[in-house]
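Read-outs throughout are calculated quantities, based only on the coordinates presented, and are distinct from any laboratory measurement. No experiment lies behind these values; they were computed from the predicted model shown. FYI the Cβ positions are ideal-geometry reconstructions off the backbone, even for glycines, and counts take in every protein chain you see.
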Amino acid sequence: MADTIRPKKEKAAVEESLFTSGHRACAGCGEALGAKLVMDAAGPDTIVATSTGCLEVFSTPYPESAWRMPWIHSLFENSSAVASGVEVALKALGRKGNTKIIAQGGDGGTADIGIGCLSGMLERGHEILYVCYDNEAYMNTGVQRSGLTPFDAHTTTSPSGKISFGNQRPKKTLLDIAAAHNIPYAATASVAYPADLQRKVKKALATPGPTFIHLHVPCPLGWGYKAELTLEIARIAIDTGLFPLVEIEWGKVTRVRKITKDKKPVEEYLKPQSRFRHLFASEDGKKELAKIQAIADANIAKYGLV
Amino acid sequence: MKKLIEGSMAVAESVKRCRPNVVAAYPITPQTHIVENLAQMVADGELKAEFVNTESEFGAASVVLGASAAGARAYSTTTSQGLLLMAEVLYNIAGMRLPVVITCANRAISAPINIWNDHSDAMVIRDSGIIMLFAEDAQELFDMHPQAFKIAENPDIMLPFMVNMDGFILTHAFESVELSDQKLFDEFLPKFNPALKLDPANPITMGTLAEPKWYMETRYKLHETQQEALPLIQKTAEEFKAKFGRWYGGLIDTYRLDDAEIGFVAMGSLIGTLKEVVDDLRAKGEKVGVLKIRSYRPFPKKEILDVCKGLKQLVVFDKSFSYGWGSILQNEMRNCFYGSKHNPMISGFVVGLGGRDIPPSSIIKAYQQTKGKEILDEFVDVNWELVGVRR
């Protein structure tokens, strides 16, 4: 037996992520980082349904796949319904056991085109965690405006121009919409706080019934900032109050991340991003900055962040 | 046991005996009685399945897609606008090679909104890769569903299957139906156990992106498999006959066609009317017969050419139309014969759109009009005054 070649134990023990490297995401991609954190928190006994979008495209160009877990993609707007089918199938076949099911999509796939299926999934009470990776526009198709694009952001279909400051609507209240289905758990999270995100994923998956996480994932390409700043940008979004970190159980806010010590003016968040550059180019832009500050202040007041 | 039941109930009784694990649907007339009956069967514990009420037909198709991918036998049913809303998913189900079975209670498409029968809805997804058969009556519907699951789930096929039944004419009419025992169904239809499924014990990736380098092969395979399904559809009908003793044709069926000079061609419940008309005309010495297209996709070209060898003329009665081109089944029949040695004259009449009655007298009138004379794309029983066209 002494001659037998054995794999080195140390090497075998190196933990590989369930969402492996080698995929085709851009450098600094917040969504890829988010997916890795979510999957590793969920563990291998999980089936994942993913909507069409960046995450699907960059992770599964045939014959490659970055997913070391059972994974399915069908269409843009139906990951929640496909996951519903997976869940009832496992139940009907007696294979549910402790297997967890995650449905996921981008902001467009969730808040716009997929909101009907999402509402159905939440209303029917399936035991599924839905994760919305919010990079605030249709990035896969080239930065078009979605229902979760923030106020005054420049996108290719909500461009700033001589008579426009870009997207003229605030972000759709996605967390409230999900929570309004009276589900046991709905939360926001950010890649800026991996431990917090993974705690929320674990909590959601341990909670019976449908659960929802709205995950903020900055996009260097679409937002126009340097790739190494993803976590920094994500963190300032929270510190300004523009993306509050909250948890809602059965319709009641049960936990928020306070920003008392860290609170920053919105300019600090907006300035490094070229999608808001036009706000700093004119006197009128200052009025717009005040409007965005008002959105942040309203969030802070709504959730008692300071 | 023979029972006088509604066509929708016959479908539900058959689907129940096929033991689907998951049923997902959204209500739409005239499909509702099928899902209502299935829901009741689940509520009474007669059918052990997960019944999912979805927020739309799009959702229903997506739920059965997911269920099938996870290894469940999955069933849905819809019609008309619902089928159109499902269309994106049905193409996806076919491309992903998932053997979902769907019953379509064929109905007209809006606008104007119309809940009655024609075949326009089915034609919308005829190029999706889904297998499509049309049934003639309630008994054939009862018998077609186990064949549908068996064909769809065959490891060499793995394609979705749509059973077509004429809305109201078959969904709501009561007929005497032999409701064969569960035991026969269980012997005929094996359990669904796909080689690949979503399972944490053996993680696979389903539904990948196929770049230009890979896409065309997958689409070619769809066509190749459709062709491979041709003999299987025939064989499965024969197997069914051997076990259950009933026969409605395999890919096609014929009625008094052997010595006929003119053949009437149609799909679905109209076949019954055509058989009546043929009997009447035969009594008057007219040499006519019926060709029933049972399998529409795959289209049984060879079998059609074989049985039409002695015919001088075919008269196609079509319940669908391609606006700006022509009557769909008529043109597919004409295409079928193009370049073949035997080229009968082919006429085409458009009948019954939006549930317009098709009495035998209308068929006979069309026959008299076209006997020995090619007439194409002719709309039957149209009120030309209403159309505002002078003739």
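Close amide-amide hydrogen proximity is noted between residue B:320 and B:119, B:328, B:329, B:351, each under 5 Å apart and 5 or more residues distant or on a separate chain (H modeled in the peptide plane; Pro and chain starts excluded).
Look at the alpha carbon pairs under 8 Å that are at least 6 residues apart: their mean separation over the length of chain B gives a relative contact order of 16 percent.
Taking every residue in A:166-177 and counting other chain Cβ atoms within 10 Å of its Cβ, the average works out to 0.
Remark: spin-label model distance residue A:57-residue B:227 equals 3.4 nm, labels positioned 7 Å along the Cα→Cβ axis. When DSSP beta bridges are restricted to pairs lying wholly in chain A, around 30% turn out antiparallel. With Rg and the Kirkwood Rh both taken from Cα atoms, where does Rg over Rh land for region A:219-306? Result for region A:219-306 is an Rg/Rh of 1.02. Derived from the Cα gyration tensor, the three semi-axes of the equivalent ellipsoid of region A:66-204 are 31, 16, 15 Å, largest first. Taking 0.36 nm per residue of sequence separation and removing the Cα-Cα distance, the residue A:68/residue A:261 pair yields an extension gain of 65.5 nm.
Label zone of residue B:178 (point 7 Å out along Cα→Cβ, amide N under 20 Å): in region B:1-27 this covers B:1-18. Both radii come from the Cα set of region B:252-389: Rg as radius of gyration, Rh as Kirkwood radius; their ratio Rg/Rh reads 0.94.
Too long at a 21 Å Cα-Cα cut-off: which of A:261/A:286; A:36/A:171; A:36/A:200; B:221/B:319; A:162/A:291; B:150/B:191?
Working: A:261/A:286 25 Å; A:36/A:171 25 Å; A:36/A:200 14 Å; B:221/B:319 30 Å; A:162/A:291 19 Å; B:150/B:191 9 Å.
Violating the 21 Å limit, Cα to Cα: A:261/A:286; A:36/A:171; B:221/B:319.
Peptide B:190-203 has a mean shielding of 4, counted as Cβ atoms of other protein chains within 10 Å of each residue's Cβ.
Restricting the calculation to alpha carbons of region B:204-260 gives Rg and Dmax of 18.4, 56 angstrom.
Compactness of chain B is given as radius of gyration and Dmax, 20.8, 70 Å, from Cα positions. Can you bin region A:37-147 into rounded, prolate or oblate? Criterion: square roots of the alpha carbon gyration tensor eigenvalues sorted a ≥ b ≥ c, rounded for a/c under 1.5, prolate for a/b above b/c, oblate for the rest. Verdict is oblate for region A:37-147.
Step by step: find N for the protein assembly as shown, compute 2.2 N^0.38 Å, then divide the Cα radius of gyration by it. What's the final number? Working shown, then result.
Numbers: Rg = 29.4 Å, N = 697, 2.2 N^0.38 = 26.5 Å.
Output field value: 1.11.
Neighbours of residue A:183, meaning other residues whose beta-carbon lies under 10 angstrom from its beta-carbon, give a summed charge of -2 when Lys and Arg score +1 and Asp and Glu score -1. Ordering A:26, A:219 from the fewest to the most neighbouring beta carbons within 10 Å gives A:26, A:219. The Cβ shell under 12 Å around residue A:285 holds other residues with a net charge of 0, Lys and Arg each +1, Asp and Glu each -1. Working note: Cα atoms of region A:154-299, range along each principal axis, descending, whole Å: 51, 30, 30.
Can you pull the semi-axes for region B:167-303, root of five times each eigenvalue of the Cα gyration tensor, sorted largest first, whole Å?
For region B:167-303, the semi-axes come out at 38, 22, 14 Å.
Measuring nothing but how far apart in sequence close Cα pairs (under 8 Å, 6+ apart) lie, relative to its length, chain A scores a relative contact order of 16 percent. Overall size of region B:14-102 from C-alpha positions, given as principal axis extents largest first: 34, 29, 21 Å. The calculated FRET efficiency for the pair residue A:162 and residue A:24, based on their C-beta separation and a Förster distance of 41 Å, comes to about 0.65. Within the shell defined by Cβ-Cβ distances under 15 Å, the residues around residue B:211 carry a net charge of 0, with Lys and Arg each +1 and Asp and Glu each -1. Computed as a quarter of the hull surface, the mean projected area of the alpha carbon convex hull for region A:29-87 stands at 4.1 nm². Suppose R0 equals 56 Å; then what is the FRET efficiency for residue B:361 and residue B:220 from their Cβ-Cβ distance, rounded to the nearest 0.05? After rounding to 0.05, the efficiency reads 0.75. Put the Cα centre of region A:177-197 next to the Cα centre of region B:336-391 and the gap is 62 Å. Ignoring aspartates and glutamates fewer than eight residues from residue B:2 along the same chain, the ones with Cα atoms less than 17 angstrom from its Cα are B:13, B:137, B:140, B:143, B:175, B:178, B:181. The alpha-carbon atoms of region A:30-303 define a convex hull whose volume equals 117 cubic angstrom per residue. Entry note, region B:252-389: relative contact order of 24 percent, from Cα contacts under 8 Å with a spacing of 6+ residues.
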